Amino acid sequence: MKKFYVTTPIYYLNSVPHIGHAYTTLAADIINRYKKQKGEESYFLTGTDEHGANIEKSATNAGVTPQQWTDNMFAKFKEMWTDLDIKYDDIIRTTEPRHEAVVQAIFEKLLKTGDIYKGSYTGKYCMSCEAYLDESELVDGKCPIHKKEPQVISEETYFFKLSAYQDKLLKFYQDNPDFLSPKFRAAEIVNFVKGGLKDLSVSRTKVKWGVTVPSAPNHTIYVWFDALINYISAIGYGKKLGIPGYENYPHDMDNYWPADIHLIGKEIFRFHAVIWPAVLMALGLPLPKKVFAHGWWTVEGEKMSKSLGNFIDPRDITAKYGVEPLRYFIFREVPFGGDGDFSIEQFKKRFNSDLANDLGNLLSRVLNMAAKNIGTIPETFESESTLLKEAQRINAEYDKQMEELAFDKALDLAWGLIGKMNRYIDETKPWALAKTDLEKAKNILLELIFALRYVAAWIAPFMPNTSAEISKRLAAGEIQKYAPLFPRIEEVKK
Ligand code: MSP
């Protein structure tokens, strides 16, 4: 049975993890948890991109070997994922032999088919992108992302015949309208490909810290060519190719591939939507179903950068306010796909309004009234309740939004019902009603309890522990007394 397969980019290990990295990985975690909750078999791969000149440089500057450097940084990323309650199924490092051997085999295979050939190249190279930049991509002669002038480099190199795939790619985009996602980013890729594709330099003689080309050991394989392959090396392409030593690899590629979603940030869309599909075509493999490029987070209106000192380490927030409020906030605040701005004041406001007030107080109010008037929550509750019908209707709508990765809309739906429940309490005043019509008051409270169970399920992929806690409090049986779910944050600017 093919599993649902979702991936994140593999992260460069030249700097410490920040909220931008956490964003993509959390999104994958949410999708994976959602699918599993629905009873689907889902598989979530993340990893780290450990080769290349930048890593070599960072290690040298720190006075350690590249391997020591990457081991140390890998541990930091892994720790971050644990801290954020990210449950991946596998985490791959490009320095692992299980990956390197597959990269080498692919390189040699494509040399044989003629998709890779030897030549020489002179071009402008951005060290930070680890990529040659086209004149047309430069802004004032500089890399548009790193704002640095690229260096002119000349070297003997192997090329990948990207130009041969231009028409095939355009046809694929046309035949598979969901591949380039979100839709508003598709034109950028289509126009780029229509503009003409040049063959891509895929080996380096100057970079030592990389996977060597077996048939030409003075070359290492271009870090992007190496990195993209992680998506198939991790799931058993080595076994499929029959590489010796892979006989007992724990995965069969056909159970995973094609990937259902490659989640990435918008700045690496071309690598995933142009180069990667062309490599897969050259290998005769099916293409992923979707490449989804999300936007970028700025911090209080500024690009996050080390020099500005505005790097957000998610742990600074989670240590103070908990992991789940952050997981909630970043997906409620900004539509997934677009850019967003992170403001700690906005985080605190949402914490208080959405979590402490709307959800937390609702749960406390309902349970306090129910404890007084019902005492015990029954196993089942049959009613012609408008509220519960509404919850059912929203449930279908919620699934639709989750499938489209419209996380903010899915959460809006949950909070829409929460708002309705709060208004329902204000209007029907069950605490007063209990004195004149106890049966009716009980019925209202049970409606609320059973509707809250829907909310608990909807928030589960985002806030798994909160969801479990709410479910526990709402479980059939005697109602207990509990502390508030989200005590208000008091230091909020007005
Ligand atoms: N190593 C490559 C990816 C290779 S995938 C085969 C790479 N790594 S990265 O560490 O620089 O960035 C990885 C991802 O981090 C980006 O695609 C993006 O998803 C995320 N982000 C990094 N900074 C970000 C923000 N400020 N905001 C949102 N996400 C950003 O590129």
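None of the figures in this text is laboratory data; all of them are computed from the coordinates on show. Small disclaimer: the values here were computed from a predicted structure and weren't measured. Cβ coordinates were reconstructed from backbone atoms using ideal geometry, including for glycine residues, and neighbour counts include every protein chain displayed.
Worth a mention:
- Taking every alpha-carbon pair under 8 Å whose residues sit at least 6 apart, segment 344-478 reaches a relative contact order of 35 percent.
- Against the rule of thumb 2.2 N^0.38 Å, how large the Cα Rg of segment 7-60 comes out: 1.44
- Pairs beyond 32 Å (Cα-Cα), from 35/349; 36/148; 320/442; 148/239; 87/429: 36/148; 320/442; 148/239; 87/429
- Under the criterion of Cα pairs below 8 Å and six or more residues apart, the relative contact order for segment 259-373 equals 24 percent.
- Counted residue by residue at 0.36 nm each, then reduced by the alpha carbon distance between them, the extension gain from residue 404 to residue 79 reaches 114.0 nm.
- Counting other Cβ atoms within 10 Å as a rough exposure proxy, the listed residues 212, 157 run 212, 157 from fewest neighbours to most.
- In degrees, nearest ten, helix 166-175 long axis to first principal axis of the chain (Cα): 20 degrees
- Inter-label distance for residue 146 and residue 346, nm, one decimal - labels placed 7 Å from Cα along Cα-to-Cβ: 2.9 nm
- Note on residue 117 and residue 247: the model spin-label points, each 7 Å out from Cα along the C-beta direction, lie 3.9 nm apart.
- The relative contact order of the chain, computed from alpha carbon pairs under 8 Å that lie at least 6 residues apart in sequence, is 15 percent.
- Charge dipole of the chain (Cα centre as origin; +1 on each Lys and Arg Cβ, -1 on each Asp and Glu Cβ, all else neutral): 340 debye, rounded to the nearest 20.
- Residue order for 279, 207, fewest other beta carbons within 10 angstrom first, comes to 207, 279.
- Value at 222 nm in deg cm²/dmol, rounded to 500, when DSSP H runs of n ≥ 4 in the chain each add -39,500 (n - 2.57): -14000 deg cm²/dmol
- Distance between the C-alpha centres of segment 433-489 and segment 98-130: 57 Å, rounded to the whole angstrom.
- C-alpha long axis of helix 362-373 to longest principal axis of the chain, angle in °: 30 degrees
- Shape summary: the chain maps onto an equivalent ellipsoid whose semi-axes, from the alpha-carbon gyration tensor, are 49, 24, 20 Å in decreasing order.
- Between segment 313-364 and segment 1-52, the Cα center-to-center distance that results, in Å: 21 Å
- For residue 302 and residue 136, the difference between the fully extended length at 0.36 nm per residue and the C-alpha to C-alpha distance is 57.2 nm.
- Annotation: aspartates and glutamates with alpha-carbon distance below 17 angstrom to residue 109 (same-chain offsets under eight excluded): 100, 226.
- Residues 271, 407, arranged from fewest to most other Cβ atoms within 10 angstrom of their Cβ, appear as 271, 407.
- Cα long-axis angle, helix 438-459 against the chain (0 to 90 degrees, to the nearest 10): 10 degrees
- Rule-of-thumb Rg ratio for segment 344-478 [Cα; 2.2 N^0.38 Å; N residues]: 1.06
- Mean-position separation - Cα centroids, segment 149-208 and segment 370-423, in angstrom: 46 Å
- Förster-model FRET efficiency, 41 Å R0, residue 1 and residue 490, C-beta, rounded to 0.05: 0.20
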